[in-house]
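Data first, discussion second: the structure below is written as structure tokens.
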Amino acid sequence: MRITAIELKNFRNYEHLEQDFFPGAQILYGNNAQGKTNILEAIFLCTCARSHRTGRDNELVRQGCDDYDVRLEFLTDKGRAEEIRIHYLAPVSNDPLRLKPIRHIYYNGVRLERISDMMGIFNAVIFAPEDLQIIKDGPSARRRFLDLLLSQIYPSYFRDLVQYQHLLTQRNNLLEKLRDHSNIEDFGGDYNLHLEIWDEQLADCSARIITRRQEIISEIA
């Protein structure tokens, strides 16, 4: 897999950039704050629609703009020319169609409905100063590192993560109802039955996530 070109519009400090890449090692050089790392960030963004530096898309938008566009062209390991494009539109208060952030992801010109659909299409490994957080920060930073790694290798793992968050939210909502219900004796049986169903699904999903994490930790070790 090799990158052949990248195009940025209103991304970080770039109003518009078109850059070709050629076979062999590539070196980006320049003065501080010129945007070298921003190019690497845009490349990594195309692996999972998430920056390695921030989880806020609006921080990636060039100052004074309300959207960004990243387009990456690459060759697969089979020599096929393919393309990933991410177009993010920040909320605009006076536009009824832009009250919420919108993110469009395209693979070879076809829009993908879910982020999970892009997992495994383009893979990249990045090493940046922010990676020191894996050691310095708490367990959540290390879990995030493993989740990003595993999501690229196993797209089904990312779907399990999404499902886990959905199941956890539904289960917690049910627990809140059980806690706040004025007459638990009348409705407790139904609540407990539903709770068992959510617990079972949550346990199955958790088991798959934990197994994958254990496998990758053993390989890293």
Residues Asp117, Asp180 arranged by fewest to most Cβ contacts within 10 Å: Asp180, Asp117
Least to most buried among Val61, Val70, Val92, Val125 (fewest other Cβ within 10 Å first): Val125, Val92, Val61, Val70
5 Å-binned pair-distance histogram of the chain (Cα, whole percent): 1, 6, 11, 14, 15, 14, 13, 9, 6, 4, 3, 2, 1, 0, 0
Whole-number percent relative contact order across the stretch 1-95, with pairs defined as alpha carbons under 8 Å at least 6 apart: 34
Charge sum, other residues only, whose C-beta stays under 15 Å from Ser93's C-beta, Lys/Arg counted +1 and Asp/Glu -1: -1
Count, lysine Cα pairs under 30 Å in the chain, 8 or more residues apart or across chains: 6
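222 nm [θ] for the chain, helices only, -39500 (n - 2.57) per DSSP H run of 4+, per residue, to 500? Before the final figure, lay out the partial values.
Working: 5 runs with 95 residues, N = 221.
Helix-only estimate at 222 nm: -14500 deg cm²/dmol.
Can you give me the relative contact order of the stretch 133-220 as a percent, contacts being Cα pairs under 8 Å and 6 or more apart? Mind dumping the intermediate values first?
Numbers: 40 pairs, mean separation 31.2, N = 88.
Here the relative contact order equals 35 percent.
Can you work out the FRET efficiency for the pair Ser140 and Phe22, with r the C-beta to C-beta distance and R0 = 45 Å, to the nearest 0.05? Before the final figure, lay out each step's value.
Values: r = 39 Å, r/R0 = 0.87.
The pair Ser140/Phe22 has a calculated efficiency of 0.70.
Determine by what factor the alpha-carbon radius of gyration of the stretch 15-72 differs from 2.2 N^0.38 Å, reporting the quotient. Don't skip to the end; give the middle numbers.
Working: Rg = 12.3 Å, N = 58, 2.2 N^0.38 = 10.3 Å.
Ratio of Rg to 2.2 N^0.38 Å for the stretch 15-72: 1.19.
Can you give the local net charge around Arg114? Use residues other than it whose beta-carbon is closer than 15 angstrom to its beta-carbon, Lys and Arg +1, Asp and Glu -1. Please report the intermediate quantities before stating the final value.
Numbers: positive: Arg50, Arg103, Arg111, Arg159; negative: Glu113, Asp117, Asp160.
So the environment of Arg114 carries a net charge of +1.
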The chain - percent relative contact order, Cα under 8 Å, separation 6 or more: 15
Whether the stretch 61-121 is rounded, prolate or oblate, judged on the alpha carbon gyration tensor where a/c under 1.5 counts as rounded: prolate
Prolate/oblate/rounded call for the stretch 2-126, Cα gyration tensor, a/c under 1.5 rounded: oblate
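Every number here is computed from the coordinates shown, using simple stated rules; none is lab data. Quick caveat, the model's predicted, so the values are computed rather than measured. FYI the Cβ positions are ideal-geometry reconstructions off the backbone, even for glycines, and counts take in every protein chain you see.
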